[in-house]
Amino acid sequence: MRPSATALALSLFCVHGYAFQLPFTIPFLSNTPQNPLSTAFLPVAAPPNKVAIIGAGAGGSSAAFWIAKAKERFGLDVEVDVFERNDYIGGRATVVYPYNDTELEPIELGASIFVRINKNLWRATEEFGLERISFGDDGDVMGLWDGKDVILTVCTTGGGYGGWWDTLKIIWRYGLQAPRRTEALVKTMADKFLYLYGSSAPRFDNLTGLADTLDWTPVIAQTAAEYLEAQGVDRRFTHELVDAATRVNYGQNVDSIHALEGLCSLAATDASSVKGGNFRIFEEFLRRSNASVHLNTNVLSLSHDEASGAWLLSTSMTRSALAYRAVIVAAPLHSSSLALAPETLLAPVPEQPYVHLHVTLLSTPSPTPNATYFGLGAGKAPTEMLTTYQGVRQGTTEEPEFNSMTYHGKVQRATGENWEGADGDEWVVKIFSKKRISDEWLANMFGKVGWVLRKEWDAYPVLPPTTSFPPVKLAKGLYYVNAFEPFISTMETETISARNIVDLLLRDEFNAAICPQKAEDAEETPLTESADFVLGWDC
Ligand SMILES: Cc1cc2nc3c(=O)[nH]c(=O)nc-3n(C[C@H](O)[C@H](O)[C@H](O)COP(=O)(O)OP(=O)(O)OC[C@H]3O[C@@H](n4cnc5c(N)ncnc54)[C@H](O)[C@@H]3O)c2cc1C
Ligand SMILES: *[C@@H]1O[C@H](CO)[C@@H](O)[C@H](O)[C@H]1NC(C)=O
Ligand SMILES: *[C@@H]1O[C@H](CO)[C@@H](O)[C@H](O)[C@H]1NC(C)=O
Ligand SMILES: *[C@@H]1O[C@H](CO)[C@@H](O)[C@H](O)[C@H]1NC(C)=O
Ligand SMILES: *[C@@H]1O[C@H](CO)[C@@H](O)[C@H](O)[C@H]1NC(C)=O
């Protein structure tokens, strides 16, 4: 589901301090000063009809949106507060501007791509009137670097993945069977994935159960390399080209990542992003949900009040604890710094390691990277360089110094306004790496460099084969969206996880649901269900 940019692919509340307010945020930030000594928990008789969402990324913002759908449909009376410690909406989906100049086209700093079968995001762009821009039609040359040699170069003209998939060079190197078989496996996986949007999509309270329902247990229990080998895919193809896809998309090698996520790395049909930034979808989710959004507000602790049954939440912006009937955690639990007594949980949540990724963005007047670095002599180096670990496996070289390096078009400036070091065109380049990329390294690779921005992310979970996942429901009234991430980690799947969790929450706590409840003996999905049907949107 997630290809690379290369197409390979959310009264009593009191504020002390500055809280950034959104143009569309309304009633919540009270100006009434409260006794500064008052830090006692509020005595609550019964939990109020309020839900708190921690995190305003894809997961949290969509959770607010799904609750709003239930409010719209059933007049459900529930207030939603979304707490976000950043000063922006989007979490790992956010943009920056070259030279911090908002006149220029923004560039994704985190999640960049979604695809057509990502039905929630796709539908959102349509309903919200957001323009999509597609990837992979730019006629770039993609190279595959093993740390010593560029072992393959292919032209991406004609639609990215699909375009070069069939090229003679691929067939020459890997034969016809390996790409074809892999393509068929990706298609089978994608078809099953679509089941998650049908009216009879499974509700799940654990991901092991979901994997089982979708017959994905063998897929997640093996590495992508093991799985493809068992399916008769040529090992060289897997270890080079599929490796490139898992490395650019998840910073992990094909022989360490589980096969479900490995296949997702290859599902790249109609790879798109939102013009102006993918975060705009998440802003719209929140705007349309009428939830109260509190930016710059760190949730510090969560505790359960046995007497009332309420969850009590303390934040960096409030003196008193806030009481909720239910809480949705929509952030990776272990990096959320949330104080939560283990005994309040139904089951322990194992520590989940994340891939620490360095993203380096820069601009340069150099139209290609340094060909000499890549041993290409007088040749031109590809403007899209992916990497494989295969040279290391074979003992011929060290690991490449980066995971991927991709040109992302020109800095579009008014004529004559170029940075003085650039005498003509200037390009934006994005580099993913395991380590910091130094200024010296950049100078060697590009000669002149204009703007540089570095960001470190805990980007996605480390995804080894597994059949055990974090609990979806952490305790009564406490739900965990990001339990889905070690299964599949994308913007879209976080919206699916949020939909499932909101439905569980509404059933458990409000005797409600996102969609009208089907009778227990209801028929299977009608065959007439439209291909455009999307669960949650169309019910
Ligand atoms: C470089 C990079 C590239 C990626 N590429 C893609 C891609 O192309 N396509 C794709 O689909 N996915 C991609 N991903 C993955 C994608 O970004 C994530 O799967 C998805 O955005 C996660 O959304 P989320 O809402 O679950 O988490 P997040 O976006 O991480 O949101 C969680 C939010 O919770 C907030 N928070 C945490 N703790 C607290 C607290 N205690 N109090 C208040 N707020 C708190 C955080 O500030 C954060 O904003 C990429 C990720 C990275 C980093
Ligand atoms: C949001 O608020 C507007 C204006 O008060 C109202 O028309 C709309 O129905 C509300 N939507 C939801 C989902 O609560
Ligand atoms: C970018 O510009 C904004 C608005 O002018 C400013 O608040 C911010 O600090 C700048 N960021 C950087 C990294 O210079
Ligand atoms: C997980 O879900 C399946 C159904 O999807 C269910 O049969 C099983 O009991 C659940 N396991 C746990 C531990 O909750
Ligand atoms: C290109 O890379 C080579 C090898 O790393 C280096 O010797 C050379 O100086 C670089 N060229 C430029 C113009 O920086």
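Just one of the listed residues (Gly447, Gly409, Gly377, Gly395) is surrounded by fewer than 16 Cβ atoms within 10 Å (Cβ to Cβ) and under 20 Å from Leu104 (Cα atoms), and it is Gly409. Selection of segment 195-225 for residues being more than 13 Å from ligand 4 (Cβ to nearest atom), more than 19 Å from Ala498 (Cα to Cα) and out of contact with any Pro (no Cβ under 8 Å at 6 or more places or on another chain) yields Pro218, Val219, Ala224, Ala225. With respect to the conditions (1) out of contact with any His (no Cβ under 9 Å at 6 or more places or on another chain); (2) more than 30 Å from Val449 (Cα to Cα); (3) charged (D, E, K, R); (4) not assigned by TED's automatic domain parsing to the domain that holds Thr383, Glu131 lacks only one, and its number is (4). What do you reckon, is Ala267 within 16 Å of ligand 4 (Cβ to nearest atom), among the hydrophobic types (A, V, I, L, M, F, W, C), part of a loop (DSSP other than H, G, I, E, B) and not assigned by TED's automatic domain parsing to the domain that holds Pro348? Taking the combined requirement at face value, the residue does not satisfy it.
Residues that are of a type in the set (A, V, I, L, M) and out of contact with any strand residue (DSSP E or B) (no Cβ under 9 Å at 6 or more places or on another chain) were ranked within segment 460-496; the one that is farthest from Leu313 (Cα to Cα) is Ile488.
Taken residue by residue, segment 476-498 has at least one member that is away from ligand 4 (no atom under 16 Å from the Cβ) and surrounded by fewer than 22 Cβ atoms within 10 Å (Cβ to Cβ).
When the test is whether a residue is surrounded by fewer than 24 Cβ atoms within 10 Å (Cβ to Cβ) and hydrophobic (A, V, I, L, M, F, W, C), Leu286 does not pass it. Of all residues in segment 88-132, those being closer than 22 Å to Gln412 by Cβ and away from ligand 1 (no atom under 13 Å from the Cβ) number 13.
The values are calculated or read from the model by the stated rules, or taken from the named source; none is laboratory data. Quantities reported herein were computed from a predicted structural model and do not represent experimental measurements. Cβ: placed from backbone, ideal geometry, glycine included. Neighbour counts: every protein chain shown.
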